Amino acid sequence: YAARYADAAPPQSESERFDWIPSHLFKGCAVPDIRHHIVEPILADLFPPRLSMERRSFFWLHAIRKQDKNASRTFTFLMRNKLHVQTCMRDYLTIRQKHRASQQSQSPGDGVSGEKISDELSHNFVAVGQNFPDPGKATSCMERLHAMKDGNIFRGLSSLLKVETTATDSQTIAEDILKRIGSKHPAYEWARLLLVKITQQPFGREHVCRMLDFVASPVAANDEDSIILVTSALEHLVQLARSAPHTFQGTAKELSGLISHRDQDIVAAACKITADAANCLDVTGAHQAKICARLKLLCVEGTRIQAKHAAMTLAKLATVAGVGREHLQDVFEGIVDAAGDDDLLGSNLPGVLATIQVVGQRTPELFMEHLQDIEKFIVGDLLTRPLPLVRRSRGISLISTVAELQAWGLKALAKGCGRPCPAPGGEARASFVQRVLGVLRAALSPPDEQAARLCSAADLTHLRVAAGKAVLVIARTDPAAVTPDLFISTSLLIRDAPAEMIAKLQHGIINYGLMQGYAAPLALTALYGDAAARTASRNALGSIVAHVRRRAANVRATAVNSSRPVDSAMLSRTLLIHSAEYVLPYLIFLLAHHPELPSKDVGAQDGGTAYRPFEQAISLAITALTAGTTGECLPAACKIMRKLKSMVDTVDADKSHGIYVLSDIALLILHQASTQKGWDTGPYPGQVPLPIEYFTLMQRPVVSERSADCRTGRVGDFSHLPVGFTVQLKNQVVAAKHGDKRGGAAAAGARSKPAAARATKKATAIRSQPTTAPSRTLPSRAARKGAIVDAMDGDFSWEDDAGPPRDSGDKGATHQGSYGIRTAPPVALLAPAGWDSDANAADGVDEDTEGEEEEEENEEED
């Protein structure tokens, strides 16, 4: 196809038949048996050699136009992997030159330096080998390549790594290198793949220049196909700038023309490219003044996207080349003066707020110099503007301009709190963070009666969600500054904007190191009826749990490999804080403060049915923690839940009863998971530190209330559960939801199968079950009457577990020194009357009912 149309554009019918093939090949990178090691050589030889670079770029542009989201992601991965190999090879060539210089030197003190360089070479061989299918074999081949004496090979490698090397020269150099290595050399095949990985083709600077020229060429307003191609080319260039910014070296002239283009979309894309590839811009040449002057103008008069990336470019230029500092300072001081004089036009406010946001994020010193003026403009002027009044009968759901500007103002303040300042400005920044959190607390509070009646609900919700997102931004760097009330208010926003909050929470935890406790709000989607939100939260929780466990493994490896002595007890507490299971105390705290949590009296009625939605939320979190495991998290989770029953709510002591009930529900769910799966829940060897801002330690175990048949209260597992409460299994939830569709047969107890067949199946299942198999039923009546007690005295101290136990003097509590669910008979304690009144609910599930584990799909963000 490419050979037939090497000199002319193909007809539409042929284009539709073949243009999809190159972009479809990108998807092979995600196939385990193919991956990018096989895809890269295919892409390198996809077009015939006689095809010119213009025609190759033409075919690639039409192919990229056909690619979908998955192909786009694999293309980004391919380019980033290529950049990584090139970086490793550049490092190798630099070390090789140093190694040769040290060998030629005869100075007496060069022995140690030579050994150090040899170690660097060994590490570099391993680093290069990690980019190949067989790292060990690749490392060995790299050593053989290094042992070669022909200097032309290494000069050729250096030429291939240069961005300005053309496609024709790259092919000639690669053929010469392979000829010098020899086809019989053991590293010949590996060297062929190495040359494919380090060459700039097929997406080098030549390709980028062709794309830039195509975008800058005039297009007729009625030519829809050309407009679509220009859009695809812009998206492709932006993607290349993010994944391979070095390919834009020497393109300052072309980019300066795009920045001044009359089309606003092209200008926005050009600003994105300059922001990602700022290191490659030749700002010291003739185009420096033109580029910087245009960027300064866009920081104020451009759209929000244009201003954001224009300011980002100037900030990066100030860091890399030292030429953008004065330009960014001039723009920012001009904004401050105009805001003080009330000279800012309303049309310029989106761009101005974006510039303020970038300055606070990238240059905190400059931001803090004018903090008082910026705070006066945003807090004293912008946030005090009244929202437009609307008539409820009109049903307006669009967000007003004032609400959008105020939301951007909150984001700018939060970004200004994100990066710490140098030591002299530390106290000023801490005070600023507290003031911003006060503003966000006011924005998160429910609106007054007049605002709720007269203002648009969309505006009010938009501002509250923006304030919640701003809190999450501050929590990335200052988690201790976010108080429990802000944590609760931010978490409850998931009901108003589930899609936005789920994405924000997942992005913050995975990409910005947000504390895993902020994954607790995702479980709140189980309280509501939005099936799409529940599915999204399950997927997000699965991704977060996997990421947090990788992060905890890195913390453990760092502590183990540390040269400093580490206290074992402190290390155990630290590892638990970084574990995925540490989301449970935040979830219990959040549910205890949920406005829909029933009171003690209401929750005790009807076997605790009022707690059913909260049970589903806890079950959602525990399912994410146990999915794909063999129950390794159960001992720690059980220990955390039992420790919560010895705590008091720091914020509101009246909420403590809810913490105890929810902890028992979690223990019941964990017990069910262990018995159904046959998992071992042994003791957890360590203490459980809990955040003192949320929980306060008690000096004695929590005792439940006395009843008519119980002279003393009960302690331990399930002691605070409502009488008759059982965990509702998955099949029971489905039956309750779809009972009306079966004509009420499920509610009336009708069986879908004949009684004889059902009884035969159950009897067969019981006979076929081995006696040693784990039980699939809920805890027995005797187990719940004799509640498991796990109130070890060592748990009531912040000191280490070592040391003799102390007698607390509480005759109503039985102390035992174990942590997990026991296999030995527990201590029998008196239970209140009517505990077994609901016998049917305590019987558990049928033997032929088995839980199905849902597959969690983890998607990686760009």
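The values are calculated or read from the model by the stated rules, or taken from the named source; none is laboratory data. Everything numeric in this text was worked out from a predicted model, so none of it was measured. Positions of Cβ are backbone-derived with ideal geometry, glycine not excepted, and every protein chain shown enters the neighbour counts. For accessibility, only protein heavy atoms count, side chains too; no ligands or nucleic acids. Shrake-Rupley method; radii C 1.70, N 1.55, O 1.52, S 1.80 Å.
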Give me the dipole magnitude in Debye, nearest 20, for segment 50-177 about the Cα centre, with unit charges on the beta carbon: positive for Lys and Arg, negative for Asp and Glu. 640 debye
Starting from 0.36 nm per residue, how many nanometres of slack lie between ASN152 and ILE21 once their C-alpha separation is accounted for? 43.4 nm
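Stretch ARG435-THR629 to full length: gain in nm at 0.36 nm per residue minus the Cα-Cα span?
Details: separation 194, 0.36 × 194 = 69.84 nm, distance 4.41 nm.
Going from the current span to full extension adds 65.4 nm.
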Sequence-distant residues sharing a close amide H with THR251 (under 5 Å, placed H): ASP282
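If I compute solvent accessible area with a 1.4 Å probe over the protein chains, what percent of it on segment 161-287 is carbon and sulfur?
On the way: 2720 of 5650 Å².
Carbon plus sulfur share of accessible area: 48 percent.
Counting only C-alpha contacts under 8 Å and six or more residues apart, can you give the relative contact order of segment 535-648 as a whole percent? List each step's numbers first, then the result.
On the way: 51 pairs, mean separation 37.9, N = 114.
Worked out over segment 535-648, it gives 33 percent.
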Positive end of the charge dipole of segment 588-648 (Lys, Arg +1 and Asp, Glu -1 on Cβ, about the Cα centre): tell me which of ILE640, ILE618, PRO595 has its Cα farthest that way. ILE640
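So, counting K/R as plus one and D/E as minus one, what does the shell of residues with Cβ under 15 Å around ARG180 add up to? Before the final figure, lay out each step's value.
Numbers: positive: ARG144, LYS149, ARG155, LYS179, LYS184, ARG192; negative: ASP150, GLU175, ASP176.
Result for the neighbourhood of ARG180: +3.
May I ask you to give the solvent-accessible area per residue for segment 222-307, in square angstrom, as obtained with a 1.4 angstrom probe? Don't skip to the answer; put the middle values down first.
Working: 3570 Å² over 86 residues.
Spelled out: the 1.4 Å probe surface of segment 222-307, per residue, equals 42 Å².
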P(r) for segment 356-495: what percent of alpha-carbon pairs falls in each 5 Å bin, starting at zero? 2, 10, 20, 22, 18, 13, 8, 4, 2, 1, 0, 0
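Quick one: divide the alpha-carbon radius of gyration of segment 123-206 by 2.2 N^0.38 Å and tell me what you get. Present the calculation step by step, with values, prior to reporting the outcome.
Working: Rg = 12.6 Å, N = 84, 2.2 N^0.38 = 11.8 Å.
In units of the globular-protein estimate, segment 123-206 measures up at 1.06.
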Prolate/oblate/rounded label for segment 173-226 (Cα gyration tensor, a/c 1.5): prolate
Dividing the alpha-carbon radius of gyration of segment 4-88 by 2.2 N^0.38 Å (N being the number of residues), what value is obtained? 1.15
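Once R0 is set to 41 Å, what does the formula 1/(1 + (r/R0)^6) return for the Cβ-Cβ distance between GLN264 and VAL402, expressed as a FRET efficiency to the nearest 0.05? All intermediate terms of the calculation are to be shown ahead of the outcome.
Numbers: r = 23 Å, r/R0 = 0.57.
In this case the efficiency is close to 0.95.
Counting Lys and Arg as +1 and Asp and Glu as -1, what is the net charge of the other residues whose Cβ lies under 11 Å from the Cβ of PRO521? Before the final figure, lay out each step's value.
Working: positive: ARG495, LYS504; negative: none.
Neighbourhood net charge equals +2.
Report the charge-dipole magnitude of segment 137-261 in Debye, nearest 20, computed about the Cα centre from +1 at each Lys and Arg Cβ and -1 at each Asp and Glu Cβ. Working shown, then result.
Working: 14 positive and 14 negative charges, 185 e Å.
Using Cβ point charges on Lys, Arg, Asp and Glu, segment 137-261 gives about 880 debye.
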Please list ASP276, ASP649, ASP7 in order of solvent-accessible area, largest first, computed with a 1.4 Å probe with all protein chains present. ASP7, ASP276, ASP649
Along Cα→Cβ, 7 Å out, is where each label goes; now give me the distance between the ones at ARG550 and ILE42 in nm to one decimal. 2.5 nm
Can you compute the equivalent ellipsoid semi-axes for segment 590-642, i.e. the square root of 5 times each eigenvalue of the Cα gyration tensor, sorted largest first and rounded to whole Å? 26, 12, 11
Between THR168 and GLU301, how high is the FRET efficiency from 1/(1 + (r/R0)^6) when r is the Cβ-Cβ distance and R₀ = 45 Å? Nearest 0.05. 0.55
Based on the Cβ-Cβ distance from LEU697 to ALA499, what FRET efficiency comes out when R0 is 30 Å, to the nearest 0.05? 0.20
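If packing is taken as the average number of other Cβ atoms within 10 Å across a peptide's residues, how do 34-42, 12-20 rank, most packed first? All intermediate terms of the calculation are to be shown ahead of the outcome.
Values: 34-42: 16.3, 12-20: 13.8.
Packing proxy ranking, top to bottom: 34-42, 12-20.
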Probe 1.4 Å, all chains present, heavy atoms only: GLU115 accessible area in Å², nearest 10, is 120 Å²
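With contacts defined as alpha carbon pairs under 8 Å and 6 or more residues apart, what's the relative contact order of segment 1-111 in percent? Before the final figure, lay out each step's value.
Values: 55 pairs, mean separation 35.5, N = 111.
Relative contact order comes out at 32 percent.
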In sequence order, calculated HN-Hα J values of segment 532-544 (Karplus, 6.51, -1.76, 1.60; Hz; x Gly/Pro): 5, 5, 5, 5, 5, 5, 4, 5, 5, 4, x, 5, 5
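State whether segment 281-391 is rounded, prolate or oblate according to the following rule on the C-alpha gyration tensor (a ≥ b ≥ c being the square roots of its eigenvalues): a/c under 1.5 gives rounded; otherwise a/b larger than b/c gives prolate, and the remaining case gives oblate.
Values: a/c = 2.50, a/b = 1.81, b/c = 1.38.
Prolate.
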So, over other residues within a Cβ distance under 10 Å of VAL238, counting Lys, Arg +1 and Asp, Glu -1, the net charge is 0
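Under a 1.4 Å probe, what is the accessible area of segment 527-684 per residue, stated in Å²?
On the way: 6090 Å² over 158 residues.
Using a 1.4 Å probe on heavy atoms only, each residue of segment 527-684 averages 39 Å².
Multiply the residue separation of GLU143 and ALA9 by 0.36 nm, subtract the distance between their alpha-carbon atoms, and state the gained length in nm to one decimal.
On the way: separation 134, 0.36 × 134 = 48.24 nm, distance 4.73 nm.
Residue separation times 0.36 nm, minus the Cα-Cα distance, leaves 43.5 nm.
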Given H placed on each backbone N at 1.01 Å, which residues far from PHE695 in sequence or on other chains put an amide H within less than 5 Å of it? THR650
I'd like the accessible area for CYS29, computed on protein heavy atoms only with a 1.4 Å probe and all protein chains in place. Round to 10 Å², please. 20 Å²
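Quick check on segment 531-675: take the gyration tensor over C-alpha atoms, sort the square-rooted eigenvalues as a ≥ b ≥ c, and tell me if it's rounded (a/c under 1.5), prolate or oblate. Working shown, then result.
Details: a/c = 2.25, a/b = 1.58, b/c = 1.43.
It comes out prolate by the Cα gyration axes.
To the nearest 20 Debye, how big is the dipole of segment 539-584 about its Cα centre, given +1 on the beta carbon of each Lys and Arg and -1 on that of each Asp and Glu? Intermediate values should be presented prior to the final figure.
Values: 6 positive and 2 negative charges, 25 e Å.
So the dipole magnitude of segment 539-584 works out to roughly 120 debye.
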State, to one decimal in nm, how far the label point of ALA457 lies from the label point of ASP652, with both points 7 Å from Cα in the Cβ direction. 2.4 nm
For TYR684, TYR582, what's the largest-to-smallest order of accessible area, 1.4 Å probe? TYR684, TYR582
How much accessible area does LYS272 have with a 1.4 Å probe, in Å² rounded to the nearest 10? 60 Å²
Taking segment 453-574 and dividing mean pair separation by its residue count, relative contact order in percent (alpha carbons under 8 Å, at least six apart): 20 percent
